[in-house]
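Participant: The structure follows.
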Amino acid sequence: MALTYDKLGRHTDAEAMLAKYLASTGNTGATACSKVYAQWGNTARALDWLETSLRVRNPDLQELKDPLFDPIRKEPRFQAVMRELKFPD
């Protein structure tokens, strides 16, 4: 819903949905939060959450090929996570 609300221009609602999601999942939702922030254009927060996901070894890291990560895919920190996980090209 955070992505949908943001696309509809309902930024306050989008942020509220993301906050609600984080409150219920904590660090286990780190990969999803990274996707949301990537789509919102907040590269720094997206990469922070991605690194959190790596630190807690979130199983959702298998989704790194998801196109929602495209806005941050070329970032050095994203590439470092890919190398750490030994993802094939």
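Participant: Within the range 26-45, which residues are free of Cβ contacts under 8 Å to residues at least 24 places away in the same chain, open to solvent by less than 50 Å² (accessible area, probe 1.4 Å) and either closer than 20 Å to Met82 by Cβ or not in a helix (DSSP H, G or I) (or both)? Spell out the reasoning first.
Facilitator: Filtering the range 26-45 down to residues free of Cβ contacts under 8 Å to residues at least 24 places away in the same chain leaves 26, 29, 33, 37, 42, 44-45.
From what is left, the residues that are open to solvent by less than 50 Å² (accessible area, probe 1.4 Å) are 26, 29, 33, 37.
Hits for the range 26-45 are Cys33, Tyr37.
Participant: Same structure again: Among the listed residues Asp6, Asp70, Asp48, Asp66, which satisfies the condition of being farther than 20 Å from Glu84 by Cβ and among the charged types (D, E, K, R)?
Facilitator: Asp6
Participant: Let me ask another. Name the pairs: first residue in the range 51-65 and farther than 9 Å from Thr31 by Cα, second residue surrounded by fewer than 19 Cβ atoms within 10 Å (Cβ to Cβ), Cβ to Cβ under 6 Å, at least 6 apart or on different chains?
Facilitator: Close Cβ pairs (under 6 Å, with a partner that is surrounded by fewer than 19 Cβ atoms within 10 Å (Cβ to Cβ)) amount to Val56/Asn27.
Participant: Still on this structure: Can you work out which of the residues in the range 1-25 that are of a type in the set (A, V, I, L, M) and outside any helix (DSSP H, G or I) is nearest to the chain's Cα centre (by Cα)? Break it down stepwise before answering.
Facilitator: So in the range 1-25, the residues of a type in the set (A, V, I, L, M) come out as 1-3, 8, 14, 16-19, 22-23.
Remaining after also requiring outside any helix (DSSP H, G or I): 1, 8.
Values: Met1: 14, Leu8: 20 Å.
For the range 1-25, the residue satisfying everything is Met1.
The values are calculated or read from the model by the stated rules, or taken from the named source; none is laboratory data. Values in this document were obtained by computation on a predicted structure and should not be read as measured data. Quick reminder, even Gly has a Cβ in these numbers, built from the backbone with ideal geometry, and neighbours come from all protein chains shown. Ligands, DNA and RNA are stripped out before the accessible areas are found, and what is left, the full protein with its side chains, is counted by its heavy atoms. Shrake-Rupley method; radii C 1.70, N 1.55, O 1.52, S 1.80 Å.
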